[in-house]
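Chemist: The following block contains the structure, expressed as structure tokens.
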Amino acid sequence: MDLYEHQARALFERYGVPVPPAEVAATPHAAREAALRLGADEYGIVVKAQVKTGGRGKSGGVRRADGAEAAERTARQILGMDIKGHTVRSVMLAQPVAIEDEFYVSYVLDRNAGCFLAVASAEGGMEIEEVAAARPEAVARVPVDPAEGVTAGTAARIAEAAGLPAETVPVLQRLWAVMKGEDALLVEVNPLVRTADGPVLALDGKITLDDNARFRQTRWGEGASDEAADEELTPQEAEAAAKGLNYVKLQGEVGIIGNGAGLVMSTLDVVAGRGARPANFLDIGGGASATVMADALSVVLSDPDVRSVLVNVFGGITACDAVAEGIVLALDRVRLDKPLVVRLDGNSAEKGREILHACGHPLLEQRTTMDDAAERAARSATDTGPPASAGRVPTTAVAQAG
Ligand code: GDP
Ligand code: MN
């Protein structure tokens, strides 16, 4: 999960990373008031688009205004702007800073090396990509041992390798504390600046949190991060996330539910091979209970693009009778008004099939092989005329779900 700059800034504050005073506003009027509180009429103010993409400065999403009234005008221009496909819904008003030097600092998880990496440069700012491409030696890369973390010694080595001044050393340690304490995959500050009157400040912040750590990061739910992360989700994605389901919305019309990412992905392929397009990826995982299956089916059936649903379960740890009970449970909760094709095999398949047979819903059909089931579901989806979303390009987003 990526955070907005203002959310990253809030985490920096919590961990003692120095940041300039700032406030967030969603309307020009609120921007004016925030700017006034921050002393815009005396010092001026920086108005910054809040979007989850970099390069805001170059796109005109970061602008200086010389007072509260100017801040309101600037906010009006920036709000609603499109920056690389992201619509600006809020701005951050920040007290301006007299920049002496701009540095680049980040911690990333280096999956290939199996460790963390500190990446730092004395030539930070908006041109960092160009610097890294033209003169890679200007960007220092220092491995960070995950068990040891960034000690004062490590921080000093990072600063030295990158040519950063000694005042950055405590900041480097605190940024590592953010990385570790928040289970982040990325903490990036560009620019980290040295100001004319002394202190080192983080003027920008980019943080990616590791969604797999949600279970132990109880504080994430308290902040604005969740609300912000949810705003770009479809209702189905939001509900699936709330239920802890591994769901990805796609652009077709056959709803797909299976157990195990590999099986679900091959189910998508088989359905596509039958001339229909998957409406989603949904993996109920191993050892799923009836409730999980019921939740999964409710989510998929609530998608208006779905014209038929294919449940493909090969029971290993997952027992097919539990899956069947989940389907029956879901049919109690939501009205089934489109064909539902179920293929159960493996652990307790016979029991599962009997449960579904006993349920006797006219729109529920069973097939014993994946091919037959896919064929049936694909035909049901394509028989009913052109899909609502016909003409959209199929997505390859499902690769992310594996
Ligand atoms: P990005 O382009 O999306 O990375 O957005 P940044 O937050 O990094 O802002 C772009 C540039 O604007 C920075 O590199 C700074 O040079 C400048 N900038 C950002 N905030 C401030 C500020 O508070 N004061 C001053 N003087 N410049 C700022
Ligand atoms: Mn930046």
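Chemist: So which of 48, 58, 84, 52 ends up being touching a residue at least 60 places away in the same chain (Cβ under 8 Å), within 16 Å of ligand 2 (Cβ to nearest atom) and not assigned by TED's automatic domain parsing to the domain that holds residue 174? Lay out the reasoning, then the answer.
Modeler: Values: 48 fails: touching a residue at least 60 places away in the same chain (Cβ under 8 Å); 84 fails: touching a residue at least 60 places away in the same chain (Cβ under 8 Å); 52 fails: touching a residue at least 60 places away in the same chain (Cβ under 8 Å).
Step by step, each of 48, 58, 84, 52 is checked, and only 58 is touching a residue at least 60 places away in the same chain (Cβ under 8 Å), within 16 Å of ligand 2 (Cβ to nearest atom) and not assigned by TED's automatic domain parsing to the domain that holds residue 174.
Chemist: Let me ask something else about it. So residue 289 clears everything in (1) of a type in the set (Ser, Thr, Tyr); (2) buried (at least 21 other Cβ atoms within 10 Å of the Cβ); (3) at pLDDT below 95 except one condition, right? Which one?
Modeler: (2)
Chemist: May I ask you to list the residues in the range 5-23 that are closer than 22 Å to residue 75 by Cβ and either within 21 Å of the chain's Cα centre (by Cα) or polar (S, T, N, Q) (or both)? Even if it seems obvious, please write down each step before you answer.
Modeler: Our first condition is that a residue be closer than 22 Å to residue 75 by Cβ; within the range 5-23, this holds for 5-10, 19-23.
Of everything in the range 5-23, those that are closer than 22 Å to residue 75 by Cβ and either within 21 Å of the chain's Cα centre (by Cα) or polar (S, T, N, Q) (or both) turn out to be 5, 6, 7, 8, 9, 10.
Chemist: What pairs come up if the first residue lies in the range 342-357 and is assigned by TED's automatic domain parsing to the domain that holds residue 324 and more than 15 Å from residue 288 (Cβ to Cβ), the second is buried (at least 16 other Cβ atoms within 10 Å of the Cβ) and among the basic types (Lys, Arg), and their beta carbons are under 7 Å apart, counting only those six or more places apart or on different chains?
Modeler: Correct list of pairs: 343/367.
Chemist: Name every residue in the range 27-79 that is assigned to a helix (DSSP H, G or I), touching a Gly at 6+ places or on another chain (Cβ under 7 Å) and surrounded by 17 or more Cβ atoms within 10 Å (Cβ to Cβ), in order of residue number. Can you show your working first?
Modeler: Of all residues in the range 27-79, those assigned to a helix (DSSP H, G or I) come to 28-37, 40-43, 68-78.
Filter once more, so that each one left must be touching a Gly at 6+ places or on another chain (Cβ under 7 Å): 40-41, 78.
Answer for the range 27-79, where residues must be assigned to a helix (DSSP H, G or I), touching a Gly at 6+ places or on another chain (Cβ under 7 Å) and surrounded by 17 or more Cβ atoms within 10 Å (Cβ to Cβ): 40, 78.
Chemist: On to the next question. If I ask for residues that are among the basic types (Lys, Arg), in contact (Cβ under 8 Å) with a residue 24 or more places away in the chain and within 16 Å of ligand 2 (Cβ to nearest atom), which ones from the range 61-81 would you list?
Modeler: Pass one, the range 61-81, residues among the basic types (Lys, Arg): 63-64, 73, 76.
With in contact (Cβ under 8 Å) with a residue 24 or more places away in the chain added as a condition, the list becomes 64, 73, 76.
Answer for the range 61-81, where residues must be among the basic types (Lys, Arg), in contact (Cβ under 8 Å) with a residue 24 or more places away in the chain and within 16 Å of ligand 2 (Cβ to nearest atom): just 64.
Chemist: I need the helices (runs of 4 or more DSSP H) fully contained in the range 150-269, keeping only those with at least 3 residues that are at pLDDT below 95 and within 24 Å of residue 94 (Cα to Cα).
Modeler: Numbers: elements: 152-162, 168-181, 225-230, 235-243.
Per the criteria, 225-230.
Chemist: For the range 308-317, what are the residues that are within 21 Å of residue 371 (Cβ to Cβ) and either crowded, with 23+ Cβ neighbours inside 10 Å or of a type in the set (Val, Ile, Thr) (or both)? Let's see the steps before the verdict.
Modeler: Restricting attention to the range 308-317, the residues satisfying the condition of being within 21 Å of residue 371 (Cβ to Cβ) are 308-316.
If the condition is that a residue be within 21 Å of residue 371 (Cβ to Cβ) and either crowded, with 23+ Cβ neighbours inside 10 Å or of a type in the set (Val, Ile, Thr) (or both), then 308, 309, 310, 311, 312, 313 are the ones that fit.
Chemist: Restricting to the range 170-220, give me the number of residues that are of a type in the set (Gly, Ala, Ser) and either surrounded by 22 or more Cβ atoms within 10 Å (Cβ to Cβ) or within 16 Å of ligand 1 (Cβ to nearest atom) (or both).
Modeler: Number satisfying all stated conditions: 5.
Chemist: Please pick out the residue among 182, 188 that is in the same structural domain as residue 121 (by TED's automatic domain parsing), more than 16 Å from ligand 2 (Cβ to nearest atom) and charged (D, E, K, R).
Modeler: Values: 188 fails: more than 16 Å from ligand 2 (Cβ to nearest atom).
The conditions single out 182.
The values are calculated or read from the model by the stated rules, or taken from the named source; none is laboratory data. Quick caveat, the model's predicted, so the values are computed rather than measured. We place every Cβ from the backbone using ideal geometry, glycine too, and count neighbours over all the protein chains shown.
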